[in-house]
Amino acid sequence: MSELSGDKEKILSAVGGKKGLIDAGFPALVFLISFNITKDLWNSLIASIIISAILTIIRLVMKDTIQHALSGLFGVAICAFFATKTGKAENFYLPGLIINVVYGSLYLFLNLIKLPILGLILGPILGENLAWRKDPIRRAAYIKAGWLWVGLFFGRLAVQYPLYRAGNVEMLGIARLVMGYPLFIAVAWGSWLIIRDVPKTKTEPA
């Protein structure tokens, strides 16, 4: 396995791999499909929670990590709380909007002070720790990739918040679906293309 392939596998593993992405996102997809068909908030919430619980049990039986399944279950529970507390189906998506505000602001701020969050996360995973901070070219690559994520988070808000304010649950759900994993994967791939073309910073021997 080449060094680049090994690095890609490390990054994919850090986000939970394919199973982790399914565990964390599939329950929300179930809610969207169920609500669009039934228009029933409670049944849709119950369906998404049941799916999340089943995924958690499957991971336990297969002796896989349940971290991402539990994360998905917890996320659905939070979304369900917001929706049931207000009785408004659109509030199922409110936590996601808040998360985009937080993440987008964090990526933006750290990019502006030249301490890109991608470097803080990927540096230890790729074996360069924080040595990249003294490497202008490598740091610039992390910053450049970071702008893709700033665009992702604030782009989601630009499209989804007006739909949330209008209470358009169907379109909000579709926008959440289209701008969820497909856009996440595209931005992640774009970030990888930027980062892989710049040599990793060598760490000083202990």
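Which value in nm describes the separation of the simple spin-label points at residue 131 and residue 189, placed 7 Å from the Cα toward the beta carbon?
A separation of 3.1 nm, rounded to one decimal place.
For a Förster distance of 22 Å, can you work out the FRET efficiency between the beta-carbons of residue 43 and residue 102, rounded to the nearest 0.05?
0.15
Please say if region 57-164 is rounded, prolate or oblate, where rounded means a/c under 1.5 for a ≥ b ≥ c the square roots of the C-alpha gyration tensor eigenvalues, and otherwise the choice is prolate for a/b larger than b/c and oblate otherwise?
In terms of gyration-tensor shape, oblate.
Which sequence of 133, 196, 139, 59 reflects their accessible areas, 1.4 Å probe, from the largest down?
Output order, biggest surface exposure first: 133, 196, 139, 59.
Quick check: from the Cα gyration tensor, does region 29-103 come out rounded (a/c under 1.5), prolate or oblate?
oblate
Would you mind getting the accessible area per residue of region 25-94, heavy atoms of the protein chains only, 1.4 Å probe, in Å²?
54 Å²
Could you compute the FRET efficiency for residue 166 and residue 202, with r as their C-beta to C-beta distance and R0 at 45 Å, rounded to 0.05?
Computed FRET efficiency for residue 166 and residue 202 comes out at 0.30.
If each of residue 115 and residue 177 carries a label point 7 Å out from its Cα toward its Cβ, how far apart are those two points in nm?
Modelled inter-label distance: 4.1 nm.
Computing the accessible area with a 1.4 Å probe over protein heavy atoms, can you report the carbon and sulfur percentage for region 148-188?
Reported share for carbon and sulfur atoms: 74 percent.
List the pairs from 144/202; 144/200; 63/88 whose alpha-carbon separation is above 27 Å, in the order I gave them.
63/88
From the square roots a ≥ b ≥ c of the eigenvalues of the alpha-carbon gyration tensor of region 124-206, which class results: rounded (a/c under 1.5), prolate (a/b over b/c), or oblate?
Verdict is prolate for region 124-206.
Taking R0 as 25 Å, what FRET efficiency do you get between residue 94 and residue 70 from their Cβ-Cβ distance, rounded to the nearest 0.05?
0.75
The values are calculated or read from the model by the stated rules, or taken from the named source; none is laboratory data. It should be emphasised that the depicted structure is a prediction, and the values quoted were computed from it without experimental measurement. Virtual Cβ from ideal backbone geometry, glycine too; neighbours counted across all protein chains shown. To get the accessible areas, we keep the full protein, side chains included, count just its heavy atoms, and leave off ligands, DNA and RNA. Shrake-Rupley method; radii C 1.70, N 1.55, O 1.52, S 1.80 Å.
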